[in-house]
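A.B. asks: Sharing a structure below in C-alpha cells format, with a few things to ask.
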Amino acid sequence: MTLHYDSPNELPEHHRGQVISALRLDSDGIKPSGNSKRRKYGNQPTPYNRVIYQSKKEANRAMELDLELKAGTVLWWCRQPEFVLPGGIIYRPDFIVCRPLPITAFYTETETEVEDVKSKPTKTPEYRMKKKLLKATYGIEIKEKWMVRLNIILGIIPRRTGRNIKGIPPS
C-alpha cells in the first residue's frame, strides 16, 4: 500500500515535523525563499517514494532502479549499505544492486554492484581513498554513476539534435 500526500500538512502529526525539518520547510509546508544557506556541493535533498535522498541525481537513480526492478533487469537493490574499512572508517555508497546474469533460460547466477552517484565536485580525495580501501579490503569495485538529465535517461535526446533515440523526428 502506498500513500501519497500533496503537501506536508496532510501528513500525520508525528511525521510532519520530521519531513518539514528534513526539507527545511516553513510551518505552512513552503520552502522559504531568500537567504537560505547553500549546501557544500550544491545538492538539494529530494523526496522520492517516501525517502529523502541527498540529491536530485540520487533520487533519479533510485527511480531508475525501481523501473529496472519492475522490468526484471534488477533483482533487488538497497540504499546506503555500510562498509567498515580499516581504521574504523565507515563508507556508505549510494546503492548496492543485484542483477541476474542470463546464462540460460533460468537465472542461475547474479552480479552484485556497488554504485555511487557522482559529480565532479563530489569526487574528492577522501572519496578516492575510501574507494581504494574498499577495493583492497573487500575486493569490491565501485561503479560510479554520472547521472545525466532525466530526459536523456528516459531515451529522449534534446530537440536541438532533431531526433530521438528511436529515429522518429520530434513532432
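The values are calculated or read from the model by the stated rules, or taken from the named source; none is laboratory data. Being a predicted model, the structure only gives us computed values, none of them experimental. Here the Cβ positions follow ideal geometry from the backbone for every residue, glycine too, while neighbour counts run over all protein chains shown. For accessibility, only protein heavy atoms count, side chains too; no ligands or nucleic acids. Shrake-Rupley method; radii C 1.70, N 1.55, O 1.52, S 1.80 Å.
A.B. asks: When the solvent-accessible surface of protein heavy atoms is calculated with a 1.4 angstrom probe, in what order do Cys78, Cys98 fall, highest first?
C.D. replies: Heavy-atom accessible area, descending, gives Cys78, Cys98.
A.B. asks: Another question about this same structure. If the reach is capped at under 18 angstrom between alpha carbons, list the aspartates and glutamates near Lys131, excluding any in the same chain fewer than eight residues apart.
C.D. replies: Glu82, Asp94, Glu113, Glu115, Asp116, Glu141, Glu144
A.B. asks: Here's another thing I want to ask about it. Using 18 Å as the Cα-Cα cut-off, could you pick out the over-long pairs in Lys56/Lys132; Lys40/Lys143; Lys40/Lys118; Lys40/Lys132?
C.D. replies: Values: Lys56/Lys132 26 Å; Lys40/Lys143 23 Å; Lys40/Lys118 14 Å; Lys40/Lys132 24 Å.
Check vs 18 Å cut-off fails for Lys56/Lys132; Lys40/Lys143; Lys40/Lys132.
A.B. asks: Can you pull the accessible area of Thr73 for me, 1.4 Å probe, Å² to the nearest 10?
C.D. replies: Counting only protein heavy atoms, Thr73 exposes about 70 Å² to solvent.
A.B. asks: Let me check something: with ligands and nucleic acids excluded, how do Val97, Val84, Val51 order by accessible area (1.4 Å probe), largest to smallest?
C.D. replies: From most accessible down to least: Val84, Val51, Val97.
A.B. asks: Let me ask something else. Can you compute the FRET efficiency between Glu126 and Val51 using 1/(1 + (r/R0)^6), with r the Cβ-Cβ distance and R0 = 41 Å? Round to the nearest 0.05.
C.D. replies: Computed FRET efficiency for Glu126 and Val51: 0.95.
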